[in-house]
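Each value in this text was obtained by applying a stated rule to the coordinates, not by laboratory testing. This is a predicted model, so every value here is computed, not measured. So basically every Cβ, Gly included, is an ideal-geometry build from the backbone, and we count neighbours across all protein chains shown.
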Amino acid sequence: MADLVFPAPEPVLLPVEGGAFFPVRRVYCVGRNYAEHIREMGNDLRDPPFFFDKPADALVTDGAPIAYPPGTSDFHHEIELVVAIGKGGKDIAEADALSHVFGYAVGLDMTRRDLQAEAKKAGRPWTFAKSFDQSAPVGTIVPASAIGHPDKGAITLAVNGAERQRGDLSEQIWSVPETIAFLSRYVTLKPGDLIMTGTPAGVGAVVRGDVLEGAIAGIGTVRTEIV
Ligand code: MN
């Protein structure tokens, strides 16, 4: 064992249905993957996919509260399908991509929308808008061996019981296999990587005290409270 100058950080673990844990390595996120959300943000439907990322330790497990973050007055929810990679690779063929998926979960790509708008305007990175502490609540991972590879099904988010976002996985512009194939041309994927696959329309602001409940048919739920 190396002589550490301070204790190494604890591994980031997400619960898997059935009792085991999924050790997280990296968290990639797809921008703009549902047409209605692209329209609501005023962007071009013809753009190819692009990616940003969140640190693994931004993850928050299901049911745990998240603190309203500093530096924003426009803190937004984005409900997303999360793909959990179980087998690594690079230049993965679309036809082979689903064999690299361990399972799926429901996640929230929490966003400081005001800081994102400033970053876009200035041509700066989205780090402060997307990659901050507690910016990624994610529910229990369900193995593909149990549920298969859903490519349709309602994806919804309610705030305090009132529905805010609704879409269907079938509306994704870039499918999960296409997303994995594209991403793996630029980075080597490894077991433990997560891909958040973009949000449907209806994003909006939350405040302290709000309870967020997300769901994807056939996959599960995620819940958090803003404190
Ligand atoms: Mn997103």
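Residue exposure proxy: HIS37, HIS149, ordered by other Cβ atoms within 10 angstrom of their Cβ from fewest to most, comes out as HIS149, HIS37. Couplings 3J(HN,Hα) for the range 65-73, derived from phi with the Karplus relation 6.51 cos²θ - 1.76 cosθ + 1.60 (θ = phi - 60°), are x, 10, 7, 4, x, x, x, 9, 10 Hz, where x marks Gly and Pro.
Ranking ASP53, ASP47 by Cβ neighbours within 10 Å, fewest first, what do you get?
With the fewest neighbours first, ASP53, ASP47 line up as ASP47, ASP53.
Its Cα centre serving as origin, the chain has a Cβ charge dipole (Lys and Arg +1, Asp and Glu -1) of approximately 380 debye. Each residue of the range 151-227 gets 122 Å³ once the volume of the Cα convex hull is shared out per residue.
What Kirkwood radius, in Å to one decimal, follows from the Cα pairs of the range 100-212? Working shown, then result.
On the way: mean 1/r = 0.0621 Å⁻¹.
Hydrodynamic radius (Kirkwood, Cα only) of the range 100-212 equals 16.1 Å.
Between SER73 and LYS90, the modelled labels are 4.7 nm apart [label points 7 Å from Cα along Cα→Cβ]. Measuring nothing but alpha carbons in the chain and taking Rh as the Kirkwood radius, the Rg to Rh ratio lands at 0.95.
How much length is gained on full extension from ARG25 to ARG124, taking 0.36 nm per residue of separation minus their Cα-Cα distance? Could you put the intermediate results ahead of the total?
Working: separation 99, 0.36 × 99 = 35.64 nm, distance 2.52 nm.
Length gained, ARG25 through ARG124: 33.1 nm.
Placing unit charges on the Cβ atoms of the charged side chains and taking the dipole of the chain about its Cα centre, the candidate lying farthest along the positive direction among ALA20, SER135, SER170 is SER135.
Residues in the range 172-182 carry Karplus couplings, in order, of 4, 5, 9, 5, 4, x, 5, 5, 5, 4, 4 Hz; the curve used is 6.51 cos²θ - 1.76 cosθ + 1.60 with θ = phi - 60°, and Gly or Pro positions show x. Per residue, the convex hull spanned by the alpha carbons of the range 93-138 comes to 116 Å³. The calculated 222 nm mean residue ellipticity attributable to helices in the chain amounts to -3500 deg cm²/dmol, summing -39500 (n - 2.57) over DSSP H runs of n ≥ 4 and dividing by all residues. For the range 181-227 versus the range 1-44, the spacing of their alpha-carbon centroids is 9 Å. Summarising the amide proton neighbourhood of SER135: residues at separation of 5 or more, or on other chains, whose placed amide H is nearer than 5 Å comprise an empty set.
Say R0 is 45 Å: what FRET efficiency, to the nearest 0.05, do SER170 and ALA8 get from their beta-carbon distance? Rounded to the nearest 0.05, the efficiency is 0.60. Each residue of the range 94-109 was assigned a 3J(HN,Hα) from its phi angle through the Karplus curve 6.51 cos²θ - 1.76 cosθ + 1.60 (θ = phi - 60°); the sequence is 3, 5, 9, 4, 5, 6, 8, 8, 7, x, 9, 8, 9, x, 10, 8 Hz, with glycine and proline shown as x. Subtracting the Cα-Cα distance of ASN43 and ILE147 from 0.36 nm times their residue separation leaves 34.1 nm of extension gain. Only the Cβ atoms of Lys and Arg (+1) and of Asp and Glu (-1) were treated as charged; on that basis the dipole of the range 96-153 about its Cα centre amounts to roughly 300 debye. What is the set of long-range amide H partners of VAL12 at a cut-off below 5 Å, with H atoms built 1.01 Å from backbone N? For VAL12, whose amide H was placed from the backbone, the distant partners under 5 Å are VAL24.
Per-residue packing, averaged as other Cβ atoms within 10 Å, sorts the ranges 13-19, 79-85 into the order 79-85, 13-19, beginning with the highest.
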